[in-house]
Amino acid sequence: MEEVLKSSQPSAILQRTSEYLSAVSKCDAEDALKLLDELDGLLLKEETKVMIASICPKTHEELRTLLTLEGKTYTTEELDKMLAIVRKYVKS
């Protein structure tokens with residue numbers, strides 16, 4: 001999308017879409033892949049890891065909601081570790 005925006009006179013819709021995606025994006029694709037890799041040892045299901053990488057939860061409650069798919073209860077220390085990993089890749 002960035003190439004199209006630079007190479008031609010983009011439409012207003014394309015410009016607004018790009019601005020919106022930049023505003024709501026919490027981490028770039030490369031960082032999301034790194035985040036998925038780091039979550040590998042902590043979570044079993046790929047779906048859970050992808051949801052965490054997409055949503056980038058900030059609190060224990062948000063994270064616990066996503067972890068319901070895992071079918072197990074995580075300790076506060078495990079949640080803290082996952083949130084620390086997420087924070088490492090979230091854009092400021």
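Of note:
- For segment 27-89: relative contact order, % (alpha-carbon pairs under 8 angstrom, 6 or more apart): 43 percent
- Each of Met51, Met82 has some number of other Cβ atoms within 10 Å of its Cβ, and from fewest to most they run Met51, Met82.
- Rounded to the nearest 20 debye, dipole of segment 27-89 from Cβ charges on Lys, Arg, Asp, Glu: 160 debye
- 3J(HN,Hα) along segment 60-67, derived from phi through the Karplus expression 6.51 cos²θ - 1.76 cosθ + 1.60 where θ = phi - 60°, amounts to 4, 5, 4, 5, 4, 4, 6, 7 Hz, with x in place of Gly and Pro.
- Gyration tensor (alpha-carbon) shape descriptor, segment 27-89, a/c threshold 1.5: prolate
- Spin-label pair Thr65-Val50: with each label point 7 Å from Cα along the Cα-Cβ axis, the two points sit 2.0 nm from one another.
- Extension reserve of the Asp28-Asp40 stretch, reckoned as 0.36 nm per residue once the Cα distance is removed: 2.5 nm
Any read-out appearing in this document is the output of simple, stated calculations on the displayed coordinates, not a laboratory observation. In this text the structure is predicted, and so the values were computed from the model without any measurement. Cβ: placed from backbone, ideal geometry, glycine included. Neighbour counts: every protein chain shown.
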